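Novice: Below you will find the structure I want to go over with you.
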Amino acid sequence: MTNKYKQYIDEARVYDVAKKTPLDFQSSLSSRLNNKIYLKREDQQPVFSFKIRGAYNKLVNLDKNTRDKGVIAASAGNHAQGVAMAAKTLGCKATIVMPKTTPLIKTNAVRQYGAEVILHGISLHESIAHAHEIEKEKGLTFLHPFDDPYVIAGQGTIGKEIIEEFDKPIYAIFVCVGGGGLISGIASYVKAVNPDIKIIGVEAQDSEAMTQALKKNERISLDHVGLFAEGAAIKQVGVLNFEIATKYVDDMVVVDNDEICAAIKDVFEDTRTILEPAGALAAAGLKSYVQKNNIQGKNLIGIASGANINFDRLRFVAERAEIGEQREAILSVNIPEKPGAFKSFCKLIGERNITEFNYRYSDNNQAQIFVGITISDADDTETLLKNFNDAGLSANDLTQNEMAKLHLRHMVGGHAPQAKNEVLYRFEFPEKPGALLSFLTNMGENWNISLFHYRNHGADIGRVLIGMQVPEKDQEIFTSFLEKLEYPYFKETDNLGYKLFLGKNL
């Protein structure tokens, strides 16, 4: 494949609306990682993300007659804002189809630019399909968010700016990946100029469409995607984007939500800017790559791709950042129910800070404690566990237990031996009106709900923990009910945290 995109990028028109963004040195992160870390600050664009580049370059290259008929796009938010602003600048009408899960800050911003917003579907692919229906019905021109040469070229101007403005050797550039428009544009330009620079893509766990596609050497479609980093939650990467990535992307990194939250905090500490989860993917992947590959003394660049975050989502970010940074451990500890036991427990913790402590009396012999403790690193957790167990206190590490982090730490309750035939499931609901009612309607009145916990985490999905009393004879019917729900679900009946704190006593 010849690298035709370098010419497209050289000819791209973006600076009527976009600006050349700075490469900011991250002093705190650089010191911690023993490398020189720079962030390309695309969060400083007029729409607070890089998407204005590709959207404007596509729109400005349409002939006037086509623009006058109007354009339509589908987006989880940032591409929508780019299209809306570009359309307003060029004086054409824009219609944007957005998933119902899109943060309010993004839908409001699109409307403020004068575009019509249609909320449809839960995933971006559902929105795209609906946008194509409207495209045919009204004779509009569809502006694809990533699988388009002009969009790719517009995003590629970021790579051009990095090469032209950074005068030191670059070891690697880390780029967030959703559909692949950003990384295919940057990789095309950078590899044409300096093929020795590594291009490393970063995806969120549960949204690994590019990672899996490159492994299998074919475009794959994910069954569902995680919605925390909704700006990069794509089930299938673009045709052009995959073709470019197979040639120019050197490696892929996958990070979980805790690592993303930790990266948001890292960037805030260096810049006092709060990136959205997708916007912090590159920083999270950079950290992971450095630690796993023992990279030292290199110039590393990450793309800070966006800062359109709902304010209430910060609750979840703050809660999970310390775990993602390996600064907090979540443990269960079994201590004897007798005077002085708690004091002995605290002595074993030493001078570490207790971030959380949950306890409820259950019997005369033992007390089960759920505790959060500040740690220095992962080895510190192992030291704690050893100290507890050596002292005869049974201790378990729940730091990576998703049910414990999402629900258990916020619940007040205890064992319920009277709840016969109880099964425990964790569900993810799209955060939209009627989702819970739909679930309960499908469930009917077949089984008693013996436990229920829901908490809005400021994300685009509601997480629910439900205990139900399901007799053995109903197992087949219950399994059928789960399969018809169309919501992601996770069986937690055998979860250690459930057994220790909520189910029948061990």
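The values are calculated or read from the model by the stated rules, or taken from the named source; none is laboratory data. This one's a predicted model, so the numbers in the text were calculated from it and none came from an experiment. Here Cβ is always computed from backbone atoms with ideal geometry, including for glycine, and neighbour counts include all displayed protein chains.
Novice: What are the residue pairs meeting all of these: first residue in the stretch 6-20, first residue assigned to a loop (DSSP other than H, G, I, E, B), second residue acidic (Asp, Glu), Cβ atoms under 8 Å, and 6 or more apart or on different chains?
Specialist: LYS20/GLU161; LYS20/GLU165
Novice: Okay, moving on. Of the residues ILE186, ILE260, ILE274, only one is in contact (Cβ under 8 Å) with a residue 12 or more places away in the chain and not in a helix (DSSP H, G or I); which? Steps first, please.
Specialist: Details: ILE186 fails: not in a helix (DSSP H, G or I); ILE260 fails: not in a helix (DSSP H, G or I).
Exactly one of ILE186, ILE260, ILE274 is in contact (Cβ under 8 Å) with a residue 12 or more places away in the chain and not in a helix (DSSP H, G or I), namely ILE274.
Novice: Select from the stretch 367-413 the residues that are polar (S, T, N, Q), without any contact (Cβ under 8 Å) to a residue 60 or more places away in the chain and either part of a helix (DSSP H, G or I) or buried (at least 16 other Cβ atoms within 10 Å of the Cβ) (or both) and list them in ascending order. Steps first, answer last, please.
Specialist: As a first pass, look at the stretch 367-413 and keep what is polar (S, T, N, Q): 368, 374, 376, 381, 383, 387, 389, 394, 396, 399-401.
From the residues that got through so far, the ones that are without any contact (Cβ under 8 Å) to a residue 60 or more places away in the chain too are 374, 376, 381, 383, 387, 389, 400.
Result: THR381, THR383, ASN387, ASN389.
Novice: Collect the residues in the stretch 291-302 that are touching a Leu at 6+ places or on another chain (Cβ under 9 Å) and closer than 15 Å to MET252 by Cβ, keeping them in residue-number order. Can you show your working first?
Specialist: First pass over the stretch 291-302, keeping only residues touching a Leu at 6+ places or on another chain (Cβ under 9 Å): 291, 295-296, 300-302.
Answer for the stretch 291-302, where residues must be touching a Leu at 6+ places or on another chain (Cβ under 9 Å) and closer than 15 Å to MET252 by Cβ: just GLY302.
For (1) surrounded by fewer than 23 Cβ atoms within 10 Å (Cβ to Cβ); (2) touching a His at 6+ places or on another chain (Cβ under 7 Å); (3) in contact (Cβ under 8 Å) with a residue 24 or more places away in the chain; (4) not in a strand (DSSP E or B), each residue gets a yes or a no:
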position	(1), (2), (3), (4)
VAL202	no, no, yes, no
GLN212	yes, no, no, yes
LYS215	yes, no, no, yes
GLY231	no, no, yes, yes
ILE234	no, no, yes, yes
VAL237	no, no, yes, yes
ILE244	no, no, yes, yes
LYS247	yes, no, yes, yes
VAL253	yes, no, yes, no
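Novice: Answer yes or no: is there a residue in the stretch 105-128 that is polar (S, T, N, Q) and either in a strand (DSSP E or B) or buried (at least 24 other Cβ atoms within 10 Å of the Cβ) (or both). Step through it out loud before you land on a result.
Specialist: Step one: list which residues in the stretch 105-128 are polar (S, T, N, Q), which gives 107-108, 112, 123, 127.
Right, trim to either in a strand (DSSP E or B) or buried (at least 24 other Cβ atoms within 10 Å of the Cβ) (or both) and you get 127.
Taking every residue of the stretch 105-128 in turn, at least one turns out to be polar (S, T, N, Q) and either in a strand (DSSP E or B) or buried (at least 24 other Cβ atoms within 10 Å of the Cβ) (or both).
Novice: Taking the condition touching a residue at least 24 places away in the same chain (Cβ under 8 Å), out of contact with any Pro (no Cβ under 9 Å at 6 or more places or on another chain) and outside the structural domain of GLY181 (by TED's automatic domain parsing), does ALA84 pass?
Specialist: Numbers: touching a residue at least 24 places away in the same chain (Cβ under 8 Å): yes; out of contact with any Pro (no Cβ under 9 Å at 6 or more places or on another chain): yes; outside the structural domain of GLY181 (by TED's automatic domain parsing): yes.
Criteria met by ALA84.
Novice: So for the stretch 257-276 (the condition being among the aliphatic types (A, V, I, L, M), modelled with pLDDT of 95 or more and surrounded by fewer than 17 Cβ atoms within 10 Å (Cβ to Cβ)), does at least one residue qualify?
Specialist: no
Novice: To continue, here is another question. Residue by residue through the stretch 309-340, note down the ones that are basic (Lys, Arg) and under 18 Å from THR273 (Cβ atoms).
Specialist: ARG313
Novice: Can you tell me which residue among PHE166, PHE174 is under 24 Å from VAL255 (Cα atoms), among the hydrophobic types (A, V, I, L, M, F, W, C) and touching a residue at least 40 places away in the same chain (Cβ under 8 Å)? Full working, then the answer.
Specialist: Details: PHE166 fails: under 24 Å from VAL255 (Cα atoms).
Exactly one of PHE166, PHE174 is under 24 Å from VAL255 (Cα atoms), among the hydrophobic types (A, V, I, L, M, F, W, C) and touching a residue at least 40 places away in the same chain (Cβ under 8 Å), namely PHE174.
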